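One structure is given below, encoded as structure tokens.
Just so you know, all these numbers are worked out from the coordinates, no wet-lab data involved. What you are looking at is a predicted structure, and each value in this text was computed from that prediction instead of being measured. Ideal geometry is used to build each Cβ from the backbone, glycine not excepted, and the neighbour counts take in all protein chains shown.
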Amino acid sequence: MTPIVRYAPSPTGRLHLGNARPALLNWFYAQANGGKFVLRMDDTDLARSTRAFADGIEADLTWLGVRPDILVRQSERTTMYDAARDRLMAAGRLYPCYETGDELDRRRKRARALGNPPIYDRAALRLTDEDRAKLEAEGRRPHWRFKLDGRPVQFNDLIKGGQTVNTASMSDPVLVREDGSYLYTLPSVVDDIDMGITHVIRGEDHVSNTGTQIEIFEALGGNVPDFAHHNLLTDADGQGFSKRLGSLSLSDLRAQGYEAIAVAIMAVLTGTSLPIEPYSSFAEIAEKLDLSMISHGSARFDPAELDSLNARILHTMPYSVARPRLEQFGLAHEPMWDLLRENLLKFDDIKDMARLVTGPMTPIIASEDREFISLAAKRLPDEPWDGDTWGQWTSALKAESGRKGKTLFLPLRLALTGRPDGPELKSLLALVGRKACLDRLL
Ligand code: GLU
């Protein structure tokens, strides 16, 4: 059976690191199992969903490296939800309710004060036809609740193991709003059935929804998919990421110059037993990652780890991978890349780093080193240069000046690169060439 998975964001904001996690887990699952990946825009909340956010989410996923096989928008599938609603009504599973938000609040408060669970008391089920007619004559429009079986619903979660959600301790969920629009619960099930979704991989905040949704799958006679609920990514303090918390949005991370694969690895492997490493491709992660590796504990994101992973990815990035981007900067030169990549924290740092080779750069020569650097300029070997040139030059300088170690090498580095650290001087010398080196020493 070909797995079909879906990632179902609500386009009420852009994606952040936390919601990249289910996107990637679904994507890797599809990749590893020869499956299909559906991107479903859960845009039934017309007041909060926008096309601009939906387009932004698509752009975020493209940047991340996730390529949906199919894209659907719930706002275009209302007729299917209407048909399912009518079937549930006909089966007596959907019933009209007339309480206002304030009335429900008051009832919940009263229940709590009496020490009862604040669940909906199903008062609407006791309304007669006349009661309903009277309420409608007052101008009230019904919202519709699904009548739960009120039983322990069991499922075998592919991450968390056997789960039981007792729907007896839940309020009958509202599926249809007063204005006839749908809340997330019913459209999600209708789509999962219609698209033959085999695996629902989503955050553990949905476990109790799963209990409700399994009842709806069964009421509609659909196949119940397998469920896998992953731990949620949190910040260092254990707080969840919110869409309104912009700093870790994918578009911001992109603007800050992080590699998409570094962001993806952090989003998906934090809180799993697969180590955070500079994997070279999604295929490699998809092959190694199994849902069983996702921890049952927390998944705390560490920004310092993202920085270090990003750097590690750049330090070993093959020239063939870097080249198209280097071409855009006019810096496509393999030996230069191989020398400088180890010094990069972000890819764009190459623009500054490359000036160590191409110039312009400002040499630093301290007054107490002036004489030594003049000597170095005098003793700079003639071309052609080879792999031994650096060694010959510095041995000669050591013998003649009596300097060694840091006092020998640091002034040379400062003069040749204008900084106290950076790429290996031996290779840099060869790339810079005699004329430019001499200019820096004089
Ligand atoms: N739109 C829902 C969300 O963003 C989808 C949950 C699901 O995957 O079913 O939480």
Report task. Could you pull out the pairs from Lys351/Lys378; Lys404/Lys435; Lys351/Lys435; Lys398/Lys426; Lys398/Lys435 whose alpha carbons sit more than 19 Å apart here? Result -> Lys351/Lys378; Lys404/Lys435; Lys351/Lys435; Lys398/Lys435
Query raised in the report: Among all the aspartates and glutamates, which ones have a C-alpha under 17 Å from Lys134's C-alpha, if same-chain residues fewer than 8 places away are not counted?
Result: Glu99, Glu178
**Report entry** Residue order, fewest to most surrounding Cβ atoms within 10 angstrom, among Ile214, Ile364
**Finding:** Ile364, Ile214
Report task. Can you pull the one-decimal nm distance between simple spin-label points at Ala255 and Ser401, each 7 Å off the Cα toward Cβ? Result -> 4.6
Report task. May I ask you to list the lysines whose Cα is less than 25 Å away from that of Lys288, ignoring any residue fewer than eight positions away on the same chain? Result -> Lys36, Lys160
**Report entry** Charge dipole (the stretch 1-119, unit charges on Cβ, about Cα centre) - positive-most of Pro117, Trp27, Gly92
**Finding:** Pro117
**Report entry** Between the stretch 203-271 and the stretch 1-75, the alpha-carbon center distance in angstrom
**Finding:** 11
Query raised in the report: Going toward the positive end of the dipole of the stretch 157-202, with +1 on Lys and Arg Cβ and -1 on Asp and Glu Cβ, which of Asn166, Tyr184, Met195 do you reach last?
Result: Asn166
Report task. Work out the FRET efficiency for Asp102 and Ala52 from their Cβ-Cβ distance, taking R0 = 41 Å, and round it to the nearest 0.05. Result -> 0.75
Requested in this report: With a/c under 1.5 counting as rounded, go ahead and sort the stretch 266-308 into rounded, prolate or oblate using the C-alpha gyration tensor (a ≥ b ≥ c being the square roots of the eigenvalues; past the cut-off, prolate if a/b is larger than b/c, else oblate).
Outcome: oblate
Query raised in the report: So for the pair Glu371, Tyr319, with labels modelled 7 Å out along Cα→Cβ, what separation do we get in nm?
Result: 4.3
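Suppose we keep just the DSSP beta bridges with both residues in the chain; what percent of those would be antiparallel, to 5?
In the chain, DSSP labels about 50 percent of beta bridges as antiparallel.
Rounded, prolate or oblate: pick one for the stretch 145-206, where a ≥ b ≥ c are the square roots of the eigenvalues of its C-alpha gyration tensor, a/c under 1.5 means rounded, and failing that, prolate if a/b is larger than b/c, else oblate.
Working: a/c = 2.25, a/b = 1.25, b/c = 1.80.
The shape class here is oblate.
Note down the net charge around Cys97, summing +1 for each Lys or Arg and -1 for each Asp or Glu among other residues with Cβ under 13 Å from its Cβ.
Numbers: positive: Arg107, Arg122, Arg126, Arg132, Arg140, Arg141, Arg145, Lys147, Arg177; negative: Glu99, Glu103, Asp121, Asp131, Glu136, Asp172, Glu178.
Charge balance near Cys97 sits at +2.
Near Gln74, within a Cβ-to-Cβ distance under 10 Å, what is the net charge of the other residues, with Lys and Arg +1 and Asp and Glu -1? The partial results should precede the final answer.
On the way: positive: Arg40, Arg73, Arg77; negative: Asp42, Asp43, Asp45, Glu76, Asp191.
Spelling it out: positives minus negatives among the neighbours equals -2.
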Report task. Work out how much length Ala123 to Gln239 would gain on full extension: take 0.36 nm times their residue separation and subtract the Cα-Cα distance, in nm to one decimal. Result -> 38.0 nm
**Report entry** Values of log10 I(q)/I(0), in the order q = 0.06, 0.08, 0.10 Å⁻¹, for the chain under a Debye, Cα-only, solvent-free model
**Finding:** -0.42, -0.62, -0.81
Query raised in the report: How much FRET efficiency would the formula 1/(1 + (r/R0)^6) give for Ala133 and Met195, where r is the Cβ-Cβ distance and R0 is 51 Å, rounded to 0.05?
Result: 0.80
**Report entry** Those aspartates and glutamates that a straight Cα-Cα span of less than 19 Å connects to Lys406, excepting residues fewer than 8 apart in one chain
**Finding:** Glu368, Asp369, Glu371, Asp421, Glu424
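Given R₀ = 41 Å, what would the calculated FRET efficiency be for Arg151 paired with Asp290, taking r from the Cβ atoms and rounding to 0.05?
Working: r = 32 Å, r/R0 = 0.78.
E(calc), rounded to 0.05, equals 0.80.
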Query - For Phe329, Phe155, order by how many other beta-carbon atoms lie within 10 Å, fewest first - result: Phe329, Phe155
Report task. Enumerate the residues in the stretch 399-442 having an amide nitrogen under 14 Å from the point lying 7 Å beyond the Cα of Asp386 toward its Cβ. Result -> none
